[in-house]
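J.: The following block contains the structure, expressed as structure tokens.
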Amino acid sequence: MEYDKILEMLGRKEFLVVGKNVTRSDALDKVLGKARYTADYVPRGTTLLKVYRSSIPHGIIKRIELDEALRVPGVEGIYTGADVTGSNQIGYALPDQPFLNDVKVHYAGDPVALICARDEYALEAASEKIHVEYEELPPVLDVDASLAEDAPLVHDGGNVAVTTRIRKGDAEKGFREADVEVSDTYWSPYQEHMYLETEAAYAVPERDKVTVICNGQSPFLIREKVAHIMGWDLNQVRIIQALTGGGFGGKDDQGPLVAAYAAFAAHKLGRPVAHVWSRDESVKFSNKRFPARIRYRSGANSEGRVTSIEVDITLECGAYANRSPFWLWRQTAHAAGPYEVHNCSIDGRAVYTTKVYGGSFRGFGDMALHFAAESQMDKLSYKLGMDPIDFRLRNVLVEGGRTTCDQVLDHSVGIKECLEAVRDASDWASHREPVRDGSKVRGYGVGLAYHGISTSRSTPDWSAASLIMNPDGSVTYRTGIVEIGQGSPFGHAKIVAEIIGVDPAAIRIELPDTDSTLDAKPTHGSRGLMLGGTAAAKAALKLRESMVACAAELLEVPSGRIDLAEGRAFDRENPGTGISVRELAEEMYVRGYDPAVHGFFKAPERFFDPETGLGVNYSVYTFAATVAEVEVDTETGEAAVLRVWPAMDCGKAIDPLMVEGQIEGAVSQGMGLVLMENIELKAGHVINPGFKDYVVPSSMDTPQIEPVIIVEKPYRYGAFGAKGVGEPAIISVVPTITNAIHHATGIRFNELPIRPWTIHKALKEAGN
Amino acid sequence: MKPLPKFKYHAPSTVEEALYLLATLDEAEPVAGGTDLVPLMRDAACSPSNLVDLNNVAELNYVREDSGYICIGATATHAQVASSPIAAKAPALVDAVSGIGSPQVRNRATIAGNLCNASPAADSAPPLLVHEAEVAIRSLKGTRIIPLEELFAGPKLNTLEPDELVTEVRLPAPPEGAGSSFKRIGRRKAFTLSVVSAAAYVELSGGEITEARLAFGSVAETPIRTRAVEELLRGKALTGGLLDKAAESVKAEVSPITDVRGTAEYRRDMCGVLLRRALAEAAERAR
């Protein structure tokens, strides 16, 4: 079935709600502060849980002494790895991450024990009274130290967690064909998610079951990990995901851990346990954006075609591999950027250090990769004496083009249109010279991005949704795709509303509850709206079939003539003949038309050759282009983003306002990585764990974001053609700003973040 | 989340009562806005057994002009000072207090508290230093008035005795022909600590600088005046050449450090940049 053709299937020419700006059903509660998040469900007096963590970055645990801590008044229980009944292994991709460390610690913050107590005073007092005797090992604090010949091993089996490679065409031959060549090394650092809501879980035990209300990004992964730690079946763990105050990937990784701490302790204690992180814990101990060092060599001929790339990626895992195999693969697979390059040689490795581990974060490797790739494209264009946009237009992927992995893109490729649109909207041609005004100088930069949606290679991928038509015509919608601020479930509701012809407000979106919601896989990889939406469309089409059949019987017209719109079923040929959905719903029960349906959607198969890295890696890609105007104060080194022109090919904008919301947030978060955010470490300890010194952009720093240009190249397997938006929105922001800084100052900065003192020093050295 | 350490709470309604509590209670700290004290308590950097809340002491809440002084009561908030027509006579101060923290912080945090916290980065300090502010300090033993500079003993250290309370900050109402300005560099445009801050005060007569005062934040252990550069400016005409010389000289008079907010070299260079900008604006306002 071609899901981008649903409208034609419905026999309609105009959309009812899809493609229009509709106020989200959760907006009012959120604005009024009435929306309930995990901590809001915890009753007063609930036992509290704190994770006791290692104080050193690397060492063997010789002894854990709990007696004194257990005697602290108010302490109800303390558990270590020795108490774990199921598996004590919670590693995501590799089995390198203990649930509770009882042999060795790998970073300052590794979980060692779970303390349960009646209040925070007792938790703090008990933390002071736990004594762990370590045999300290030398810490490994950067990738070079980790790769050194005599480096201490972070885990058995070596400090390289995983490697990747792609060999396409003949890279050396490609460089021989090149007329110009550029090479550089790029560094992209840790970034903290800084979601407003910190990690939280509230667990209520029964004898052989536990229910957890928590935040996260995949209730099903959380269920799987909790069951694994407990040694239980999936149906013994019930995860209810509360509304979640920001995820950005971080809660995809932390959700299972936090829920498992609470569930495990609640089961041991036999009473409910609440576990809510402080900001300090969240910044120090949760996974960060993986730092990456990318060495990039590229060549182009005098006609302005890129002939070859050679890319070497070193990813810093930190203490655990976590998602690094997928992250590194994504960087490897996207290495050429959204361009057709026939000769590619790419190698990657993910390397352990004894620091806070990296993990999922919006962009998933493509921020660092596109920072490198798009800096290189800019440099090539300057070296060739070509306009940066003209040069890119000669190389961008088009329909029928082949990606870095030699995947043929047969449809849904809109990068050329995006780039031309931002070129025109920003009046690019008249801004080719930087403009000086006193101490300030303004420049324009461009950046492109593409991002494979959902999971890669041959990982199975599916989604699910269910719908109940209640006897009064109200609709209950269940999806395992979670609400983390982005609005995907409301997007699903709009898709359903379009198909069954009701007001989106009449569709109530249930909180995901693993006891009654089908596994929809995680809300990550920008898949929530796309895959979740297709499953919603499948469910809605089934329900529509039931509704139409019942209406045909009632109205005594052939079912082919029935349409559903504005809360009624009617005869297309005599629109006056109809019945309200309210009446229809009751008749469906009375006459035996199934009022409850599931939609299950399996994504198209992908495959790849592990030897060459070539194959079909992602079922579809979203494309984005941005232009930015940046102003640099040459006296102070301060850089301010003044204006941004964004364009995106998202297949079909189910709700343009939500696309705009994603892009506006992404501009701010991307700008943070480029200009100000930095996790500061001292001997492996994070020393800026709060909003005071981990500085993120404020609303005052937000540039003028020009109206978002939406390019719609529909995707065959997305409902109404929709593709993912959340991650593609942020990726191009990074090189756009760095290229604009270069345009303004003539200086390339290859390490992020680029802070005022860095710019000031470079300008000073350049004789400014 | 880390809980606050336990403490006893007192809410006197007169200054006398507050002074009595501070003199008689063990480990007592006065609190008004609490925007510095509460985070310190949470981090266990400060754990008073008794908190003496000044918010009910009506006689401490004012911004008024008295005998040629702009007087700021101990519980006057940044927002109060920012919107006060009296404080407007010291434009550097208004510039600084309008930009501290967020609107929520400015509605709670007091000028006196900002000064007593003795952060080298306190934005209210440089403008008050160039306006030659004084601090009135009371205890049961009596009242003493000291120049603001003498309140600062080091990073986060003040010179108050445990039984003493700052009741007022006051600055001479500037004469005709005076102007002042405050400039800062932060890590973003709002709600962030200053990486460097600078205040300038000048009195002009004809084209000549008859009085010049400069102060800087975040470049030494306390907010500081740079008197050698001031001396360089006095009695001269404000020319580009003089500004160049002052901007260069100031770098020798400051002693910044490198930390998560910036490098020492950067801060030193920025003292020169901010000095020029603040002096130019102060002179503009003086004309």
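Read-outs throughout are calculated quantities, based only on the coordinates presented, and are distinct from any laboratory measurement. Since this is a predicted model, take the numbers as computed values, not measurements. Backbone-built Cβ (ideal geometry, glycine too); neighbour counts: all protein chains shown.
J.: To the nearest 0.05, what FRET efficiency results for residue A:747 and residue A:704 with a Förster distance of 25 Å applied to their C-beta separation?
T.: Between residue A:747 and residue A:704 the formula returns 0.50.
J.: Can you compute the equivalent ellipsoid semi-axes for the stretch B:61-172, i.e. the square root of 5 times each eigenvalue of the Cα gyration tensor, sorted largest first and rounded to whole Å? Working shown, then result.
T.: On the way: eigenvalues 81, 52, 33 Å².
In descending order the semi-axes read 20, 16, 13 Å.
J.: Convert 25 °C to kelvin, take the viscosity as 0.890 mPa s, use the Kirkwood radius over C-alpha pairs of the stretch A:290-442 as Rh, and evaluate the Stokes-Einstein diffusion coefficient in µm²/s, rounded to a whole number.
T.: 144 µm²/s
J.: Among B:201, A:618, B:69, what is the fewest-to-most ranking by other Cβ atoms within 10 Å?
T.: Listed from fewest to most nearby Cβ atoms, that is B:69, A:618, B:201.
J.: Can you find, among A:715, A:468, A:107, the residue sitting farthest towards the positive end of the charge dipole of chain A, where Lys and Arg contribute +1 and Asp and Glu -1 at Cβ?
T.: Most positive-ward Cα: A:468.
J.: What spacing in nm lies between the two simple spin-label points modelled at residue A:173 and residue A:472, each 7 Å away from Cα in the Cβ direction?
T.: So the label points at residue A:173 and residue A:472 sit 7.1 nm apart.
J.: Could you tell me which of the pairs A:692/A:761; B:89/B:183; B:156/B:183; A:284/B:2; A:440/A:761; A:284/B:156 are separated by over 20 angstrom between their Cα atoms in the structure shown?
T.: A:692/A:761; B:156/B:183; A:284/B:156
J.: Considering the Cα positions of the stretch A:93-155, please state its Rg to one decimal place and its Dmax as a whole number of Å.
T.: 15.5, 49
J.: Using a cut-off of 13 Å between alpha-carbon atoms, which aspartates and glutamates can reach residue A:383, once sequence neighbours fewer than 8 places away in the same chain are excluded?
T.: A:179, A:181, A:303
J.: Still on this model: With +1 on each Lys and Arg Cβ and -1 on each Asp and Glu Cβ, and nothing else charged, work out how big the dipole of the protein assembly as shown is about its Cα centre, in Debye to the nearest 20.
T.: 420 debye
J.: On to the next question. Across 5 Å bins from 0, what is the distribution of all Cα-Cα pair distances for the stretch A:379-488, in whole percents?
T.: In whole percents, the pair-distance histogram is 2, 7, 12, 13, 12, 11, 11, 9, 8, 6, 4, 3, 1, 0, 0.
J.: Could you check how many percent of all C-alpha pairs in the stretch A:68-178 are farther apart than 17 Å?
T.: 70 percent
J.: Against the 2.2 N^0.38 Å scaling, with N counting residues, where does the stretch A:616-767 land? I'd like the Cα-based Rg ratio to two decimal places.
T.: 1.19
J.: Which value, to two decimals, describes the C-alpha radius of gyration of chain A once divided by 2.2 N^0.38 Å?
T.: 0.98
J.: Mean Kyte-Doolittle of at least -0.5 plus a Cα span of 20 Å or more along the axis: flag which DSSP H helices in chain A meet both, please.
T.: Result, helices passing both filters: A:250-269, A:366-384, A:530-555, A:656-675.
J.: For the stretch B:58-90 and the stretch A:684-704, what is the separation of their Cα centres, given in Å?
T.: Here the answer is 32 Å between Cα centres.
J.: Could you list which residues have their amide H under 5 Å from that of residue B:156, counting only those 5 or more apart in sequence or on another chain, with H placed in the peptide plane?
T.: B:119
J.: How much length is gained if the chain between residue A:433 and residue A:68 is pulled fully straight, taking 0.36 nm per residue apart and subtracting their Cα-Cα distance, in nm to one decimal?
T.: 124.4 nm
J.: How many percent of Cα pairs in chain B exceed 34 Å? Could the numbers behind the result be given before it?
T.: Working: 8003 of 41041 pairs.
Percent of Cα pairs beyond 34 Å in chain B: 20.
J.: To continue, here is another question. Per 5 Å bin from zero, what fraction in whole % of the C-alpha pairs of the stretch A:122-219 is there, up to the bin with the longest pair?
T.: Spelled out bin by bin, the stretch A:122-219 gives 2, 6, 8, 8, 10, 13, 16, 13, 8, 5, 4, 3, 3, 1, 0 percent.
J.: Here is the link list: A:30/B:6; A:173/A:416; A:5/A:542; A:225/A:538; A:50/A:129; A:50/A:225. Which ones come out longer than 22 Å on Cα distance?
T.: Among A:30/B:6; A:173/A:416; A:5/A:542; A:225/A:538; A:50/A:129; A:50/A:225, the Cα-Cα distance tops 22 Å for A:30/B:6; A:173/A:416; A:225/A:538.
J.: Let me ask something else. Calculate the radius of gyration of the Cα atoms of the stretch A:198-264 to one decimal place, then report Dmax, the largest Cα-Cα distance, as a whole number, both in Å.
T.: My reading of the Cα-based Rg and Dmax gives 10.7, 35 Å.
J.: Kirkwood hydrodynamic radius, the stretch A:450-525, all distinct C-alpha pairs: what's the number in Å?
T.: The Cα-based Kirkwood calculation yields 13.6 Å.
J.: Would you mind computing, in nm to one decimal, how far apart the modelled labels at residue A:508 and residue A:280 are, each placed 7 Å from Cα along Cα→Cβ?
T.: Using points 7 Å along Cα→Cβ, the separation is 4.2 nm.
J.: Still on this structure: Using the C-alpha gyration tensor of the stretch B:178-286, what are the square roots of 5 times its eigenvalues, in whole angstrom, with the largest one first?
T.: One finds semi-axes of 24, 14, 11 Å for the stretch B:178-286.
J.: What is the fewest-to-most order of B:116, A:650 by other Cβ atoms lying within 10 Å of their Cβ?
T.: With the sparsest Cβ surroundings first, the list reads B:116, A:650.
J.: Another one. With each run of n ≥ 4 DSSP H residues scored as -39500 (n - 2.57), what mean residue ellipticity at 222 nm is computed for the protein assembly as shown after dividing by its residue count and rounding to the nearest 500 deg cm²/dmol?
T.: Mean residue ellipticity at 222 nm (helix-derived): -8500 deg cm²/dmol.
J.: Put +1 on the Cβ of each Lys and Arg and -1 on the Cβ of each Asp and Glu in the protein assembly as shown; which of A:159, A:456, A:352 then has its Cα farthest toward the positive end of the dipole?
T.: Working it through, the farthest residue towards the positive pole turns out to be A:456.
J.: Roughly how many nanometres apart are two label points built 7 Å out from the Cα toward the Cβ at residue A:21 and residue A:573?
T.: Here the answer is 4.2 nm between the modelled labels.
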